[in-house]
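The values are calculated or read from the model by the stated rules, or taken from the named source; none is laboratory data. This structure is a prediction, so every number in the text was calculated from the model and none was measured. Here the Cβ positions follow ideal geometry from the backbone for every residue, glycine too, while neighbour counts run over all protein chains shown. Just so you know, the surface numbers come from the protein's heavy atoms only, side chains and all, with ligands and any DNA or RNA stripped out. Shrake-Rupley method; radii C 1.70, N 1.55, O 1.52, S 1.80 Å.
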Amino acid sequence: MLKTNYITKTIIVGLLITAILVTNVSLFSRAKAESGVGKDVFKVVVTLFGITNSTKDVLTLVNVEDQTKIKLLNAEDPENQGQDKVSYTMTFPGIEVQDGDPYTVCTMSTDNFKLECNKGNNSPLNRPEFVDINVGSGSTSNEKNQDEQND
């Protein structure tokens with residue numbers, strides 16, 4: 001009787017310890033910030049849409065903290081012909097981007113060499129940031145007014 005009681009208590013205590021460990025391991029695995037190590041690479045997915053046959057080359061710049069990534073869309077490239085949108089994933093390993101930290105996505109067309117920028121903040125969700133940019137038409141006057149007020 002004493003051995004049965006001891007074995008039962010040992011099993012219950014072992015199960016409780018295992019349950020606590022499993023629960024805490026899953027809580028500790030949540031990333032509070034994207035550090036650039038493993039799966040926590042800060043990513044910005046930029047989608048350029050409104051691409052036509054008359055679209056000139058478009059330079060896309062993404063800046064996070066002190067790092068900048070650049071991608072050039074050559075509209076005459078055979079791989080891009082016939083597509084009305086193109087997506088780029090810009091990755092930033094090795095930096096720690098906290099929730100709410102700013103990032104900037106700018107585009108410049110060789111048509112007018114005007115730099116247009118969109119500012120955003122890192123969301124608390126563990127996913128890439130998404131930015132959609134219409135390269136087929138310029139900003140509306142309402143968007144321009146908002147940009148001037150934000151600067």
Toward the positive end of the charge dipole of the stretch 45-140, about the Cα centre and with charges on Cβ (Lys, Arg +1; Asp, Glu -1), which of Leu61, Thr107, Asn122 goes farthest? Thr107
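Using a Förster distance of 25 Å, how high is the FRET efficiency between Ile11 and Asn126, based on the Cβ-Cβ distance and rounded to 0.05? Numbers along the way, then the final one.
Details: r = 36 Å, r/R0 = 1.45.
Step by step, r from the Cβ atoms, then E = 0.10.
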Please list 8-19, 59-70 highest first by mean number of surrounding beta-carbon atoms within 10 Å per residue. 59-70, 8-19
Measuring from label point to label point, each 7 Å out along Cα→Cβ, what is the Ile70 to Lys119 span in nm? 2.3 nm
Roll a 1.4 Å probe over the protein heavy atoms and report the accessible area of Glu129 in Å², nearest 10. 10 Å²
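For an R0 of 25 angstrom, estimate the FRET efficiency from the Cβ-Cβ distance between Asn53 and Ser87 and round to the nearest 0.05. Display every interim value, and only then the final one.
On the way: r = 20 Å, r/R0 = 0.79.
The pair Asn53/Ser87 has a calculated efficiency of 0.80.
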For Glu129, residues with placed amide H under 5 Å, excluding near neighbours: Lys43, Val44, Val45
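Using a 1.4 angstrom probe on the protein heavy atoms only, line up Phe42, Phe130 by accessible area, largest first.
Numbers: Phe42 0, Phe130 120 Å².
Order by accessible area, largest first: Phe130, Phe42.
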May I ask you to derive the FRET efficiency for Asn112 and Val45 from their Cβ-Cβ distance with R0 = 30 Å, giving the value to the nearest 0.05? 0.75
